[in-house]
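Please read the structure below before turning to the comments.
We did not get these values from a lab; they are worked out from the coordinates using the rules stated. Not measured: the values here are computed from a predicted model. Ideal geometry is used to build each Cβ from the backbone, glycine not excepted, and the neighbour counts take in all protein chains shown.
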Amino acid sequence: MRFAFTDEQFELRDAVHEMLTQRCDATTLRAAWANESGRAPAAWAALYDMGVLDAMRPAASGGLDMTEVDVVLILETTGRFALPEPIVETMMVSAPLDLINADGESAAVVTSESPFAAWADSAATIVELTASGITATPRSKVKLQHRISVDGARRLFDVELPRTPIVSTEVARAFRRGVLGTAAQLCGLADRMLDLTVEYAQQRKQFGVPIGSFQAIKHHLADARIKLEFARPLVYRAAASLSVNHRDASIHVGMAKAAASDAAMLASRAALQCHGAIGYTTEYDLHLYMKRAWALSAAWGDATWHRQRVSDWLFSPTQPVVREGAQ
Amino acid sequence: MRFAFTDEQFELRDAVHEMLTQRCDATTLRAAWANESGRAPAAWAALYDMGVLDAMRPAASGGLDMTEVDVVLILETTGRFALPEPIVETMMVSAPLDLINADGESAAVVTSESPFAAWADSAATIVELTASGITATPRSKVKLQHRISVDGARRLFDVELPRTPIVSTEVARAFRRGVLGTAAQLCGLADRMLDLTVEYAQQRKQFGVPIGSFQAIKHHLADARIKLEFARPLVYRAAASLSVNHRDASIHVGMAKAAASDAAMLASRAALQCHGAIGYTTEYDLHLYMKRAWALSAAWGDATWHRQRVSDWLFSPTQPVVREGAQ
Amino acid sequence: MDLSFSPAEEAFRTEVRRWLASNVPNPPLPSGDTKDGFALHLAWERKLFDARYSVVSWPHEFGGRDASLWEWLIFEEEYWLAGAPQRVTQNGIFLLAPTIFQFGTKEQQHRILTNMASGEHRWCQGWSEPNAGSDLAGISSTAVRDAARNGWRLNGQKTWTTRGAFCTHLFGLFRTDPTAERHHGLTYLLVDLQQPGITVRAVERLDGDDGFAEVFFDDAFVADDMVLGDVDMGWKVAMATTGSERGLTLRSPGRFLATATKLIELADSLPSAATPQMKDRIAQAWIDAHAYRWQTFWTVTNLVAGGSAGPESSMVKVFWSELDIRLHEIALELLGPHAELVDGEFAHWMKGYQFALSGPIYAGTNEIQRNVIGERVMGLPRA
Amino acid sequence: MDLSFSPAEEAFRTEVRRWLASNVPNPPLPSGDTKDGFALHLAWERKLFDARYSVVSWPHEFGGRDASLWEWLIFEEEYWLAGAPQRVTQNGIFLLAPTIFQFGTKEQQHRILTNMASGEHRWCQGWSEPNAGSDLAGISSTAVRDAARNGWRLNGQKTWTTRGAFCTHLFGLFRTDPTAERHHGLTYLLVDLQQPGITVRAVERLDGDDGFAEVFFDDAFVADDMVLGDVDMGWKVAMATTGSERGLTLRSPGRFLATATKLIELADSLPSAATPQMKDRIAQAWIDAHAYRWQTFWTVTNLVAGGSAGPESSMVKVFWSELDIRLHEIALELLGPHAELVDGEFAHWMKGYQFALSGPIYAGTNEIQRNVIGERVMGLPRA
């Protein structure tokens, strides 16, 4: 048993962190809210150059053959910076199945749980996960209708797909990877929101003292931090289960997404309340991360949806001794 | 619209409060835990002398013809003192239907929601509320088996009733009165637990200051107080609805019990946590009230049970415009 | 105890319901926190005023109906259940007006109130400053005596001024005695925003509307007849207003009953999302909305009998602000992946959620309110 | 990342599971917090000791197996899943022993540890005093030097001493420098309770058992060789212990996994009470129990790699103590009117609920823990 990341995995995470510090700060996010694509091209290009976009792609087709464990920290980091890019759709869902080319193009994905295709207008391929299998359609053949998200950088679209052949039956696995990637991003978002709040609470003074010295503030933030610190291990464990195709991987991923969604929502509540009015303005940066957290906590199945699946599994008559679920 | 009690109603409440201050203090409760009956005879005798036991009984049979509104404050007060007596079973359920004599004897009641007969061994009559109607059996004809409650004063019994004729069909009304009486007692219990805690937090010092000056203590208690202050109006409103046989009385009573149960449970959590270890001993009085709150919050249908009925009603296809529910 | 409304009150309810049914804008107006939306709302408020529905509880002479508290509550219930527009003039009508009735001279009342009720003058609140938020006594904007012109010269900055960008006047506290500290030496002033020396900068709110404003004072002028209450005694006057700010709650049960009703309709329209566990939470929220209604009836009965609202109003503020968030959280969960959309038929739920999130922050954060409850309601010692 | 246990570890798990299956008392022992129940538990602990399962992680020379942290965790998981008795000697084994390993002399280790592991000596904790609860530095019990007898004379009172009435020894802090204040001038002493000058009074716990004790010192004696660490440096030593007190959590994931499993079985046995909304809450609690398991695996991997547990342990303490209450609250709701019974087949749930309620209070209240998290984990300023 070794439940930890390798130095290499941390180094890759740190490299991405450093790159995003340069190419995906709050200014970049505000630019994405305003520009045509809603994206951060410089960051995306760098991720491509670093090989991140093809990390999960089979070596045979030019990828790095990495596993979910290798990339989960990277995804958490993209959440930390609220990277406005379809990285989960591209890196986690499409590339591993060779549904798109390894030349830095992006994919948009629709599933019954996430029916709106994010950044579809700038995607090369629209991937659909259906009960019967996966389809991949060139954007040119897809009718898109723009929908507006509360997160100004997330460009959503209703899609009208032509009949196209099933290109892969790995639906379950693709879906789980999408869920895992989103759960990881939510942990990063929660972490970032709490950092912003601690920083603010240290310097903002009322009644002659920093508001962070008030017990009410401390306890709000402590509760949010606890929720996050107990969601992360479930996310990392789910990554490991996916990487070995664990029998109960879908349950492990569901546990992770339920916990990560709840943690991100609690962090956003605590962050906003502890900031007060300043956090309620769009001039302050908090909302850029908070609105992403709102969107992703509901995407790819929200906490209630995944908890329902865990519940159905726990209480299914065919469920083997529940302790097995603990292994 | 006049949503308030009359001076007479307050005076009667005050008289009962004063009497219980004399005859139902913590020492009395500890005696009830230890004695054979689990009851407080002096307090019961006084309630009889004051006419309280027969307040809801028809004047024609020697009662005072009072309504639920007239007595709800009295019941709240008996909760405040954790009166170890079957007052709800006797005064609210049995006397109004003349199921027992007006000579100070007591009744025990069993329903599907409260299957254990409290203080049945000292009751004159065992009343059962069944789908088909109400039965009333002399204790001598009933087989009792003692069950032990976490509340040492509450003597519970499994009952084995002989076949007996239905003596009344007013089941629904009798049940609602039992629920209302229990909800009122829960408000009184919550209030008492919070008073005990505030008193303790004012004098107990740690770090050189009263613990009540810590924001964490204040906020725990404030939350419990808020829950209580918004449960009370529902209880009083339910009393009024019962007194006029309102079409939706069962829903109003269910709303009241759900709110009162939750308020009492939150108050007991806050009270214990703010007391710390001292509250965790039986030498301190808090547990005498807290354990009654635990028992009554589950009796006559717990919060979940009543909320389920409200939910079924709200979402029943036959439900008239919901706004009517507001009238 | 009599929980029925009188025939007269029921008749009033029917009259109000009829009038609203035929006059409430449909489709609903756009947000009143944008320039254009605000203008449309003003037209609606003018319509209300002409029908004497703008300020039903005010005296007839100022455009009201001398409605009783009960009639006012009935009006509010019907107003919200009819889905009528949010009142963009509410800060003047519900926060300033009660103070003017209490502290204003007859002359001030006549000069100010009717114009306020008609929407001719729109009032915004100037409480907070960059360094005076929860700690309101930290106010540093100054008013210096200008004897020559029989008035005062204002300098400093106010912030978080709701709808300040669309208003004509501001009411707020200014430090008139520079030697006094904290709550002392403050004066309650009524300021015309349309004058040189005042700059108003709109500030975008969470939902993207210009709901806030910063107001900068650079030797702006206020005449003596725009001082409310006594000079240097502004804190006492202001407390009366923040009292009624939390007292706003007096009017809001109808708002949450309406939201709870819409929530039930939403669940009915989304059968697959409306699981038993969601219905359980909806039932709880609906019960809470009614608890608030009856708690309000309890308070109003007491007020009508001559009682007064004390620090208990802090409990009310915490309760409704957190209920409002719960109601919207449940709706967003029902909507699942559709929740993030701010276009289409469900957009008002995300809009409402963002609005609800301000509840625990404004009018004294819920943390401050819980301190007040602990100290002034329950008698716990101050820190 | 490798989330599988080694063949050797799995073999150990199997061995433990087998041994427990054939040795765990059935029916379960009565509460270990009563005189008779404690005696029965001691017999069980002796049995564990003889099979070297009493202190698996200790060195062989003290009755252990030199088990790795992983084997220890595996043992604990199996121990709880087998429904084996609560460890009535845990305060010595899990709180004092780590401190003795860290601060004790070789001689002390040999004199004390094996007797502790066998249950020959039972140790209780003497931290709290009537005026030193959350504020531990308020300790006023004194130890005065008695040079003639090469030891110390103790006076004062300790309280909330878990199972003090059934123990033979006490470890705690006493003020050896009367001129020093707060954290200074305290010494960590190991006290034989069976001597004149010591009075132990059992105090009844919420559930009616004599789980607490007050210990009165009236010129009781402690020899120099029962001083742990340096004189006047007791606070540093004690902090190590309270560290491992919260570190108790290292062993408890198995406890909550077992409770969650029992909760699911309870729901299966009460189909009419197990509504979808209850199942939803059960699933959440089950997820939380596993979150705790994996958070522990994360920490242990770090410890095995040479890392150390810091203030993060405060997060763990808050998490498991509130999870324990949730698990039992759900069970009581499933039981409805049967919940209040303390006889019959379901009685252990009410018993467990009452036990769980102590979690947020002992070992530093959760309010204190949240302060620690805010200040030492997140870096917020002290009040």
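Details
- Diffusion coefficient (Stokes-Einstein, Kirkwood radius over C-alpha pairs, 20 °C, 1.002 mPa s) for the range D:74-186: 135 µm²/s, rounded to a whole number.
- Of A:Lys227/A:Lys257; A:Lys227/D:Lys317; B:Lys205/D:Lys317; C:Lys279/D:Lys279; B:Lys218/C:Lys236, those spanning more than 18 Å from alpha-carbon to alpha-carbon: B:Lys205/D:Lys317; B:Lys218/C:Lys236
- Sparse packing (at most 16 other Cβ atoms within 10 Å of the Cβ) combined with a DSSP loop state is found for the following chymotrypsin sites (Phe, Trp or Tyr not before Pro) in the range B:198-230: B:Phe207.
- Within the range C:90-206, percent of DSSP bridges classed antiparallel, to nearest 5: 70 percent
- With a 10 Å cut-off around each Cβ of B:292-303, the average count of Cβ atoms from other chains is 3.
- For the protein assembly as shown, the percent of C-alpha pairs falling in each 10 Å distance bin, counted from 0 to the bin holding the largest distance, reads 1, 8, 15, 19, 20, 18, 12, 6, 2, 0, 0.
- Comment: the Cα-to-Cβ extended label point of A:Pro41, at 7 Å, lies 9.4 nm from its counterparts in the other copies, nearest first.
- For the range B:23-125, the Cα gyration tensor yields ellipsoid semi-axes of 21, 16, 13 Å (square root of five times each eigenvalue, largest first, whole Å).
- Antiparallel bridge percentage (DSSP; both residues within the range C:121-174; nearest 5): 60 percent
- Rounded to whole Å, sorted largest first: equivalent-ellipsoid semi-axes of the range A:76-169, Cα gyration tensor: 20, 16, 12
- Measure of compaction for the range C:131-279 (Cα Rg per 2.2 N^0.38 Å): 1.41
- Alpha-carbon Debye profile of the range D:111-176, log10 I(q)/I(0) at 0.14, 0.16, 0.19, 0.25 Å⁻¹: -0.50, -0.64, -0.83, -1.04
- Note: the range D:173-237, Cα convex hull, 115 Å³ per residue.
- Once C-alpha pairs closer than 8 Å and six or more residues apart are averaged by separation and normalised to the residue number of chain B, the relative contact order reads 16 percent.
- Residue mean of other protein chain beta carbons inside 10 Å, A:223-236: 6
- Taking a ≥ b ≥ c as the square roots of the eigenvalues of the Cα gyration tensor, the range B:182-327 is prolate, since a/c reaches 1.5 or more and a/b is larger than b/c.
- With kT/(6 pi eta Rh) evaluated at 10 °C and eta = 1.306 mPa s, and Rh the Kirkwood radius from Cα pairs, chain B diffuses with a coefficient of 79 µm²/s according to Stokes-Einstein.
- Value of D in µm² per second that Stokes-Einstein yields for the range C:36-79, Kirkwood Rh from Cα pairs, at 10 °C (1.306 mPa s): 147 µm²/s
- Cysteines, the protein assembly as shown, no other Cys beta-carbon under 4.7 Å: A:Cys24, A:Cys187, A:Cys274, B:Cys24, B:Cys187, B:Cys274
- Among A:Ala216, A:Ala249, A:Ala118: highest mean-square fluctuation, GNM of chain A, C-alpha pairs under 10 Å: A:Ala216
- Nearest 10 degrees, 0 to 90: helix B:68-80 Cα axis against chain B principal axis: 40 degrees
- DSSP-loop GluC sites (Glu not before Pro) across the range D:289-365, with at most 12 other Cβ within 10 angstrom: D:Glu345
- Distances, shortest first, from the label point of A:Pro317 to those at the same position in the other copies read 2.9 nm; the point lies 7 Å along Cα to C-beta.
- Considering only D:Leu29, D:Gly64, D:Ala51, the residue lying farthest towards the positive end of the dipole of the range D:1-76 is D:Leu29, judged by Cα position with unit charges set on Cβ.
- Rounded to whole Å, sorted largest first: equivalent-ellipsoid semi-axes of chain C, Cα gyration tensor: 35, 23, 22
- Convex hull projection area averaged over all views, the range D:249-378, Cα basis, nm²: 8.6 nm²
- Span from the the range C:1-56 Cα centroid across to the the range D:111-163 one, whole angstrom: 73 Å
- Chain C, relative contact order [Cα under 8 Å, separation at least 6], %: 13 percent
- Pairwise Cα inverse-distance average, inverted: Kirkwood Rh of the range D:1-70 (Å): 13.8 Å
- Rounded if a/c under 1.5, otherwise prolate or oblate - the range D:60-111, Cα gyration tensor axes: prolate
- The value for the range B:85-132 of Rg(Cα) / (2.2 N^0.38 Å) is 1.03.
- More than 18 angstrom apart: percent of Cα pairs within the range C:103-148: 58 percent
- Label spacing, shortest first and in nm, from D:Thr179 to its equivalents in the remaining copies (7 angstrom along Cα→Cβ): 5.0
- Shape call, the range B:217-262: gyration tensor on alpha carbons, a/c limit 1.5: prolate
- Taking Cα atoms only, the orientation of helix C:106-118 departs from the longest principal axis of chain C by about 40 degrees.
- Angle between chain D longest axis and helix D:69-81 axis [Cα atoms, degrees, rounded to 10]: 60 degrees
- For the segment A:261-269, counting C-beta atoms of other chains within 10 Å of every residue's C-beta and taking the mean gives 1.
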